[in-house]
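Quick note: the coordinates plus some simple rules give every number you see, no bench work behind them. On a predicted model such as this, the values are computed, not experimentally measured, just so you know. Cβ placement follows ideal geometry from the backbone for every residue including glycine, while neighbour counts extend to all protein chains displayed.
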Number of protein chains: 2
Amino acid sequence: MARIVMKFGGTSVGDCDRIKNVARRVKAEVDRGNEVAVVVSAMSGVTNQLVDYCKQIAPLHDAREYDVVVSTGEQVTIGLLAMALQELGVPARSWTGWQIPIETDDAHGKARIEGIAVEGLERAMKDGQVAVVAGFQGIGPENRITTLGRGGSDTSAVALAAALKADRCDIYTDVDGVYTTDPRIVAKARKLDKITYEEMLELASLGAKVLQTRSVEMAMKYRVRVQVLSSFVDAPGTLVCDEDEIVEKELVSGIAYSRDEAKITLVKVDDRPGVAAAIFGPLTDANINVDMIVQNVSEDGTHTDLTFTVAKSDLDRAVKVLSEKTDLKYDRLVPDSTVVKISVIGMGMRSHAGVAQKMFKTLADKSINILLISTSEIKVSVLIADEYAELALRALHSAYGLDTK
Amino acid sequence: MARIVMKFGGTSVGDCDRIKNVARRVKAEVDRGNEVAVVVSAMSGVTNQLVDYCKQIAPLHDAREYDVVVSTGEQVTIGLLAMALQELGVPARSWTGWQIPIETDDAHGKARIEGIAVEGLERAMKDGQVAVVAGFQGIGPENRITTLGRGGSDTSAVALAAALKADRCDIYTDVDGVYTTDPRIVAKARKLDKITYEEMLELASLGAKVLQTRSVEMAMKYRVRVQVLSSFVDAPGTLVCDEDEIVEKELVSGIAYSRDEAKITLVKVDDRPGVAAAIFGPLTDANINVDMIVQNVSEDGTHTDLTFTVAKSDLDRAVKVLSEKTDLKYDRLVPDSTVVKISVIGMGMRSHAGVAQKMFKTLADKSINILLISTSEIKVSVLIADEYAELALRALHSAYGLDTK
């Protein structure tokens, strides 16, 4: 007997028929003799409708009241799924965030889970009752409803799996696993059987939308084995797990891309101590994250070019902030949003040289110019012109031997 | 300074614009220097949608899970109204049933309020914060969400007014008060300035849909002054209050009608002791309420005719139950659903003879045959053929001097 947390997203519970389908998936797990807790999102579209109501009432609204409104979406789903399970003869009951309780801080709209009291759930599960838990929500220190931010149901599921010391946390979604790269672009993309937390974390941060970054961080911290699989196809998915669990390690596990990047170049900035702080300080104050940064070697010893990337949605604001800095001396400010970030990810990089070199050579062979480079222990990212995105992805996917045979 | 509970139904909070309108009505009350708690229903249509989901999942569903689902409607409205008030500069916060808490029994789907802990609310209201409270919901003895049954928000409002010792409970609705009779049928119907609890209770039970019967019972028990008024028109409504508060008492306050009646006649039943029990026992067992009953004087000393009414929706079931009673001897069973119950209501009846006589004479003058009669201290009801309903209402309304001048 194992203890399993299953999580179903908005598409999987999009209408009553799909909720009945989810109930059948849960029943199959119960029939295998497992103890099961299910975490669900709101029916697809519902949260957007509720958010829209809030905006109609007041563009800038109280985050505490926002949480009261949007948390109802998940509450509807847990009641319906519990009924659907009972209809199949499976004992079940629903649990809201405050009933368990899932305790969070008071950062309404983007709260962090601080603790989950699982005694009640465990008692019910031991009695053979499936616990149907509302994702995305908790209860703050002042007995008020909180939400974890968009996509928070993944985090709820992993946190619950950690608290329940579950053997596995199965995240059911509309894709059937984690791929070596986006199969919509690279036809030869391969589904991975297993991937390490570290690699998944890079993939999630670098644009793969399969799992929410925070949920992967939490899985890594508490060593929760997470499986990503399809709610519509009955097949094993991808297991996100500890490195030790993976026997055949790949040099490179996946190639991610993100179109959510924009580049800013400041031409002929004064090359003096403190200039970087003078540029990035105001951006930080304006809550704009800077990702990749390159400063050219100064040619004349007094001036240099500085290039960095921000999220595409922050580009206009970043340009405005820098233009208004009258004490910042430079020749020109060149914004460019026609760029894409391509990242090669793999644990193997730590011990194998030449991974980055292969990337640069592969792109060079296709005459693709690299605008920026950044690296970490297990990934290399490059910024290139966005028109080369598909070509680069396919070439790299082949070069690292990831293509399906 | 007064303490006021305001209640707005589903039509009054039907969309975001209407919620903003409600916020303005609440602000006006706050601007008059009053302490205000607001009780709201779900946006119109929302509860029906949620109930429909439950039916789609399982025709016979767990009432506890039903409550989890349908209680979300009011939760959305309290969040939105609190935001709308804040947007107008009025401090406000939302309160769910479990946050207050509004304690109920565990009769899920039709729970009864057992107590309301108002300390938190009172503290907030004294600090100048409007308390926006979810109607229709509470929390049961096992920390699970309960609902009070359809129309329960009126009951929530009156119970809250009683617990808060409010000076008045204003029920805002889509009509502007309580009328002497249905103005859609009798053009000369008059809005009443005041009406006693007892009369309102009879009116509510006898078909006037302005207030839920249970809320009037509760108002009478705790002597809560209830005003019924329009959420769209800014004018005083009808005050439901103690008899002592009404200076000019009317002999008759109103005339109600109900089309929700059906008549059953058992022809030539054995006239022996115990026969009534033999007939009504099985109906009670089948949870069918019998309203009016008449047993004719036996002509031959051995047989009699027995006539009674049930709710129209119970007619088929009642006929079936009686047909299956093989030990019950009678000639014929005659069901008739083409009837209407007309009731004349007034506290004045207790001290004035002739009210019933005037009713019978007025109907006789119009050649309307009376099928059944029942009376209480403050009302006379008759059953007539439903084709005469409008004629009878208009004739009685004139006869008792209720017409607008």
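Observations, loosely collected:
- Qualifying residue in region B:194-211 (condition: assigned to a loop (DSSP other than H, G, I, E, B) and touching a Pro at 6+ places or on another chain (Cβ under 7 Å)): no
- Hits in region A:90-123 - residues which are within 12 Å of chain B (Cβ to nearest Cβ) and free of Cβ contacts under 8 Å to residues at least 40 places away in the same chain: A:Pro91, A:Arg93, A:Trp95, A:Gln99, A:Ile100, A:Pro101, A:Gly120
Each row is one residue, and each column tells you yes or no for (1) of a type outside the set (A, V, I, L, M, F, W, C); (2) surrounded by 15 or more Cβ atoms within 10 Å (Cβ to Cβ); (3) under 25 Å from the mean Cα position of the chain (by Cα).
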| residue | (1), (2), (3) |
| --- | --- |
| A:Ser313 | yes, no, yes |
| A:Lys320 | yes, no, no |
| A:Tyr330 | yes, yes, no |
| A:Leu333 | no, yes, no |
| A:Ala353 | no, no, no |
| A:Ile368 | no, yes, no |
| A:Val382 | no, yes, yes |
| A:His397 | yes, yes, yes |
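- Single residue of B:Tyr257, B:Tyr222, B:Tyr179 found to be closer than 24 Å to B:Gly149 by Cα and surrounded by 15 or more Cβ atoms within 10 Å (Cβ to Cβ): B:Tyr257
- Looking only at region B:335-351, residues that are over 22 Å from the mean Cα position of the chain (by Cα) and not hydroxyl-bearing (Ser, Thr, Tyr) come to 5 in all.
- So B:Lys341, is it surrounded by 12 or more Cβ atoms within 10 Å (Cβ to Cβ), touching a Leu at 6+ places or on another chain (Cβ under 8 Å) and basic (Lys, Arg): yes
- Here B:Val186, B:Val175 are screened, and the one residue that is more than 25 Å from B:Arg350 (Cα to Cα), touching a His at 6+ places or on another chain (Cβ under 8 Å) and β-branched (Val, Ile, Thr) is B:Val186.
- The condition of being within 17 Å of B:Ile78 (Cβ to Cβ), buried (at least 20 other Cβ atoms within 10 Å of the Cβ), under 23 Å from the mean Cα position of the chain (by Cα) and within 14 Å of chain A (Cβ to nearest Cβ) holds for B:Val13.
- If only residues of region B:1-10 that are buried (at least 17 other Cβ atoms within 10 Å of the Cβ) and part of a loop (DSSP other than H, G, I, E, B) are counted, the one that is nearest to the other protein chains (Cβ to nearest Cβ) is B:Gly10.
- Output for region A:19-54, where each listed residue is within 13 Å of another protein chain (Cβ to nearest Cβ) and part of a strand (DSSP E or B): A:Val40
- Residue satisfying all of: in region A:73-89; more than 9 Å from chain B (Cβ to nearest Cβ) and aliphatic (A, V, I, L, M); nearest to the chain's Cα centre (by Cα) among these: A:Leu85
- Exactly one residue out of A:Arg272, A:Arg259, A:Arg214 is touching a helix residue (DSSP H, G or I) at 6+ places or on another chain (Cβ under 9 Å) and over 23 Å from A:Ala166 (Cβ atoms): that is A:Arg259.
- Applying the criterion of being of a type in the set (A, V, I, L, M, F, W, C) and either over 24 Å from the mean Cα position of the chain (by Cα) or at the interface with chain B (Cβ under 7 Å from one of its Cβ atoms) (or both) to the residues of region A:55-72, the residue that is surrounded by the fewest Cβ atoms within 10 Å (Cβ to Cβ) is A:Leu60.
- Selection of region B:141-168 for residues being touching a residue at least 40 places away in the same chain (Cβ under 8 Å), within 14 Å of chain A (Cβ to nearest Cβ), at negative phi and assigned to a loop (DSSP other than H, G, I, E, B) yields only B:Arg144.
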